[in-house]
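Note sheet for the following structure.
The values are calculated or read from the model by the stated rules, or taken from the named source; none is laboratory data. No experiment lies behind these values; they were computed from the predicted model shown. Here Cβ is always computed from backbone atoms with ideal geometry, including for glycine, and neighbour counts include all displayed protein chains. Please note that ligands, DNA and RNA were not included when accessible areas were found on the heavy atoms of the full protein model with its side chains. Shrake-Rupley method; radii C 1.70, N 1.55, O 1.52, S 1.80 Å.
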Amino acid sequence: MTDQAADSNSGADPIHAFIADTLKNHAVVLFMKGSPDAPRCGFSSLAVQILDHIGADFVGVDVLQDEGLRDGIKTFSDWPTIPQLYVKGEFVGGSDIVREMFNAGELQALMAEKGVPLGEQAEA
């Protein structure tokens, strides 16, 4: 996990400005391929399933709609793959990290620590 300076260089780059604004306006954001209702890759689908399972209210941003966004999110986070999960503006990681954190109970703890309410959870 790394802290992301959300507006580190958003003034110069409109894609980074869009990403920073999205992170400021939503507590949990998943930059993904497809939408939460119709993920377009297995890794994005896995991340959506985990967030749904813990009852996190999140916004999915489809990076396939814009090549600039698809490339821009990678430079914004300095992370080469998609999906990318952010909680309260902090970059958490991709689908493998999200899965590992979920399995260890760390994702739920992070949400609680950041003040993100979770809905009803099924037993893991």
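Annotations for the structure displayed:
- Residue match in the stretch 80-89 (condition: free of Cβ contacts under 8 Å to residues at least 24 places away in the same chain and under 29 Å from Asp13 (Cα atoms)): yes
- A single entry from Ala27, Ala56, Ala109 fulfils the requirement of being at pLDDT 95 or above and over 13 Å from the mean Cα position of the chain (by Cα): Ala109.
- Members of the stretch 37-48 found to be in contact with a Ser or Thr (Cβ under 6 Å, 6 or more places away or on another chain) and open to solvent by 20 Å² or more (accessible area, probe 1.4 Å), listed by number: Pro39, Phe43, Leu46
- Given (1) free of Cβ contacts under 8 Å to residues at least 60 places away in the same chain; (2) open to solvent by 30 Å² or more (accessible area, probe 1.4 Å); (3) not polar (S, T, N, Q); (4) not in a loop (DSSP other than H, G, I, E, B), number of the condition Lys24 does not satisfy: (1)
- From Leu30, Leu85, Leu51, residue being open to solvent by less than 10 Å² (accessible area, probe 1.4 Å), under 22 Å from Gln108 (Cα atoms), in a helix (DSSP H, G or I) and in contact with a strand residue (DSSP E or B) (Cβ under 8 Å, 6 or more places away or on another chain): Leu51
- Any hit, the stretch 90-99, residues being over 12 Å from the mean Cα position of the chain (by Cα) and open to solvent by 70 Å² or more (accessible area, probe 1.4 Å): yes
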